[in-house]
1. Kindly point out which whole DSSP H helices in the chain project their C-alpha atoms 20 angstrom or further along the helix axis while averaging a Kyte-Doolittle hydropathy of -1.0 or above.
2. Taking amide H atoms as placed 1.01 Å from N in the peptide plane, list the residues 5 or more away in sequence, or in a different chain, whose amide H sits under 5 Å from that of residue 92.
3. Take the alpha-carbon positions of the chain, form their convex hull, and give its projected area averaged over all directions (one quarter of the hull surface) in nm².
4. Which peptide among 168-174, 117-123, 35-41 comes first, and what is the full order, when sorted by highest mean count of other Cβ atoms within 10 Å?
5. Could you state how much accessible area residue 60 has, in square angstrom rounded to the nearest 10, with a 1.4 Å probe and all protein chains kept in place?
6. What net charge is computed for the residues neighbouring residue 227, neighbours being all others with C-beta under 13 Å from the C-beta of residue 227, Lys and Arg scored +1, Asp and Glu -1?
7. Rounded to the nearest percent, how much of the accessible area of the range 1-141 (1.4 Å probe, protein heavy atoms only) is carbon and sulfur?
8. Report the calculated FRET efficiency for residue 206 and residue 25 (r = Cβ-Cβ distance, R0 = 30 Å), to the nearest 0.05.
Amino acid sequence: MTGKVAVVTGAASGIGRASAEVLAAAGARVVVADLDEEGAAAVAAGIGKEGGEAVAHQVDVADPGAVDALADAAVSGFGQLDVLVNNAGIMLRRPLTEVSPEEFDRVLSVNLKSILYGGQAAARVMRPGSSIVNTLSTIIDFATPGTGSYAASKKAGEALTRTFAVELGPRGIRVNGVAPGWTDTGITRQRHVADSGEFQQGRFDELAHKMATASPLGTVAEAIDSAHAVLYLASEASRCVTGHVIRVNGGASMS
Ligand code: NAI
């Protein structure tokens with residue numbers, strides 16, 4: 001990735017952080033973008049300490065103007081934009097019968113519209129040979145109670161991924177998705193924080209075990225596993241791959 005410039009959203013934590021670190025370790029200059037400004041700055045500083053090059057940038061990916069400014073910041077700071085990882089996401093656990101219009105809108109704005117805004121902003125500045133990677137989810141293959149809004153955002157994200165791939169392919173820009181399975185990150189931990197603020201480690205470990213045994217490989221993914229898929233899709237190694245979704249879930253679902 002030497003000579004390449006990558007923007008990773010949601011890079012203050014979890015899969016985005018691992019992706020930013022892996023891309024930087026492979027030689028890319030990275031814009032660590034997140035709503036969490038302090039978290040992004042800490043990740044960028046950590047990359048710098050390891051000998052990589054990164055800057056932090058605060059962004060709300062649900063805001064098209066802010067996403068445009070993010071793409072511009074990569075170009076003005078580093079001269080170009082070769083890789084965009086649309087990774088920032090939020091989870092809502094609520095039965096569809098109880099979801100409010102505002103909640104539904106927010107999930108779609110952060111998880112889905114961000115893919116539209118990111119793709120548009122990137123397409124404006126990217127040159128042939130560039131790559132967009134969208135973080136989807138294994139939920140695109142399942143229906144489970146309480147996850148309808150999230151699943152709708154990710155399944156529609158897959159549709160945007162494929163359509164961007166056919167629209168931007170003739171310009172030499174590839175667009176793919178990574179669909180992580182259950183992974184120990186902020187999103188999955190957040191569900192196990194009791195009202196008292198205490199993290200329920202026992203219940204978390206039980207769920208991790210259940211998810212692991214549901215996969216043929218008998219394991220759950222780690223953030224680094226998805227980051228490696230991101231690196232592959234960002235790099236020349238995948239130069240002939242577009243419109244594809246890599247499932248990083250131990251084989252829990254296949255398509
Ligand atoms: P995480 O909670 O550790 O990281 C998400 C990051 O996104 C946070 O740093 C957060 O501040 C940032 N973010 C949230 N809203 C934002 C906004 N509006 N603008 C900019 N940044 C924002 O969670 P994780 O797991 O690393 O999530 C990354 C992606 O992976 C998400 O798209 C998520 O849906 C997806 N994913 C995660 C799975 C898991 O089991 N952890 C499974 C499948 C998909």
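The values are calculated or read from the model by the stated rules, or taken from the named source; none is laboratory data. In this text the structure is predicted, and so the values were computed from the model without any measurement. Positions of Cβ are backbone-derived with ideal geometry, glycine not excepted, and every protein chain shown enters the neighbour counts. Surface accessibility is based on the protein's heavy atoms, side chains included, excluding ligands, DNA and RNA. Shrake-Rupley method; radii C 1.70, N 1.55, O 1.52, S 1.80 Å.
1. Helices passing the filter in the chain: 64-78, 148-168.
2. Here 150 satisfy the definition.
3. 13.4 nm²
4. Values: 168-174: 16.4, 117-123: 22.6, 35-41: 18.3.
Peptide ranking by packing, descending: 117-123, 35-41, 168-174.
5. Result for residue 60: roughly 50 Å² accessible.
6. Value of the local net charge: -2.
7. 52 percent
8. Plugging the Cβ-Cβ distance into 1/(1 + (r/R0)^6) gives 0.35.
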